[in-house]
Ligand code: GLN
């Protein structure tokens with residue numbers, strides 16, 4: 001078999017989670033909560049199953065859930081979304097991203113990716129025969145170097161991928177970034193993929209700069225979201241994409257022959273749960289408390305925090321503390337100290353190693369305490 005992805009191995013999340021299990025290590029690697037999700041939501045889904053709502057949902061998503069999604073978008077971002085033409089429910093955020101890239105990219109097209117980047121983007125681009133154009137975010141603040149972006153635009157540029165709050169660094173896009181992006185795409189045929197799976201998980205009073213707020217950008221964008229990240233249910237694998245009707249029509253052509261539609265009872269449950277705005281309004285504060293608690297505990301270690309303004313993640317630098325590369329450090333922390341992080345070089349195609357590791361802090365307090373007690377032994 002001629003591999004379509006010759007340079008791809010098994011994802012860092014799978015590798016590190018397996019290593020954490022094998023060594024009975026506290027897993028602060030792969031981004032998932034270790035506490036229970038809302039019982040009310042579980043009840044709603046169970047009820048839907050017991051009520052016999054167990055057959056195919058419509059291809060684009062359950063209409064009532066698409067309505068709720070449109071209401072949430074209007075409530076948060078002041079945008080009018082047509083629930084029947086502009087929203088598609090997907091089996092997870094990563095699937096929505098893959099589908100959007102596959103909808104847009106043709107062989108030879110260029111797609112701009114900022115690194116460190118969530119690890120699915122580049123393989124998704126390559127499998128479509130397109131070419132990733134890699135731009136490192138400025139270190140250590142992880143902001144977008146817009147002058148570099150301007151210099152990398154060619155007539156082949158088909159897509160710019162943005163991600164805020166950002167995985168793995170927790171940096172967030174500001175109003176000024178939106179203005180820069182606007183100037184770059186204006187009058188071009190460049191599309192935007194906006195990965196906003198951590199939309200609610202934003203801290204310190206900052207406002208999420210969703211592409212949904214900006215009609216001139218939304219008209220060329222696919223905006224991807226995740227209920228797993230939002231409602232602490234990453235194992236459910238449900239997300240959605242919002243775009244404009246003409247773009248969504250093409251997105252659905254790809255989607256319908258891939259998974260066709262998404263788990264019906266979960267969609268019924270989510271629609272019921274979203275009726276109450278409290279289901280999403282306090283999530284930022286809830287997760288910020290975890291970030292703050294983790295950082296407070298981590299002060300007992302010799303690792304140095306980099307700023308995180310959103311997401312599940314907090315990066316720490318160990319520059320000057322160890323000669324090991326970040327992958328080796330992550331393995332050493334797993335095997336010898338019993339805590340598993342993710343090496344941030346795994347999010348760079350060329351393996352750029354700034355001696356930074358990512359921790360997922362969206363965990364029970366006692367998990368964070370246990371992890372930091374172990375990390376404090378690293379001297
Ligand atoms: N988004 C999660 C993370 O960054 C992992 C998702 C996955 O394992 N595919 O940790």
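Since every read-out is calculated from the coordinates, none of them should be taken as a lab result. Being a predicted model, the structure only gives us computed values, none of them experimental. We place every Cβ from the backbone using ideal geometry, glycine too, and count neighbours over all the protein chains shown.
In 5 Å bins starting at 0, how do the alpha-carbon pair distances of the range 30-90 split up by percent?
4, 15, 16, 17, 20, 20, 8, 0
Which whole-angstrom value gives the distance between the alpha carbon centres of the range 105-130 and the range 9-84?
The range 105-130 and the range 9-84 have Cα centres spaced 25 Å from each other.
Quick check on the range 233-319: take the gyration tensor over C-alpha atoms, sort the square-rooted eigenvalues as a ≥ b ≥ c, and tell me if it's rounded (a/c under 1.5), prolate or oblate. Provide the component values of the computation, followed by the final result.
Numbers: a/c = 2.94, a/b = 1.98, b/c = 1.48.
Since a/c reaches 1.5 and a/b is larger than b/c, the shape of the range 233-319 is classed as prolate.
In vacuum, with every alpha carbon of the range 27-180 counted as one equal point scatterer, what does the Debye formula give for log10 I(q)/I(0) at q = 0.13, 0.15 Å⁻¹? Two decimals, please.
-0.85, -1.07
For the range 184-303, what does the alpha-carbon gyration tensor say about shape, rounded, prolate or oblate, given a ≥ b ≥ c as the root eigenvalues, a/c under 1.5 as rounded, and a/b over b/c as prolate?
Verdict is oblate for the range 184-303.
I need the shape label for the range 144-254. Rule: rounded when a/c is under 1.5, else prolate if a/b > b/c, else oblate, with a, b, c from the alpha carbon gyration tensor.
Because a/c hits 1.5 or more and a/b fails to exceed b/c, the range 144-254 counts as oblate.
Determine the relative contact order of the chain: mean sequence separation of Cα pairs under 8 Å and six or more apart, normalised by residue count, in whole percent.
Normalised by residue count, the contact order of the chain is 25 percent.
I need 317, 151, 311 ordered by Cβ neighbour count within 10 Å, fewest first.
So the residues, fewest neighbours to most, are 151, 317, 311.
Please report, largest first and rounded to whole Å, the three semi-axes of the ellipsoid equivalent to the chain, where each semi-axis is the square root of five times an eigenvalue of the C-alpha gyration tensor. Could the numbers behind the result be given before it?
On the way: eigenvalues 198, 139, 78 Å².
With the √(5λ) rule applied to the chain, the semi-axes are 31, 26, 20 Å.
Run lengths n ≥ 4 of DSSP H only: what is the helix-derived mean residue ellipticity at 222 nm for the chain, with -39500 (n - 2.57) per run over all residues, to the nearest 500?
-11000 deg cm²/dmol
Cα atoms only, the range 317-379: Rg and Dmax in Å?
Considering the range 317-379 through its Cα atoms, Rg and Dmax are 11.9, 36 Å.
How far is the Cα center of the range 357-379 from the Cα center of the range 305-349, in Å?
If you average the Cα positions of each part, the centres end up 12 Å apart.
Just to verify a number: FRET efficiency for residue 319 and residue 50, C-beta to C-beta distance, R0 = 56 Å, to 0.05?
0.55
If neighbour count is taken as other Cβ atoms inside 10 Å, put 155, 199, 250 in order from fewest to most.
Starting with the residue having the fewest Cβ neighbours, the order is 155, 250, 199.
Please report 236, 146 as a ranked list, fewest other C-beta atoms within 10 angstrom at the top and most at the bottom.
146, 236
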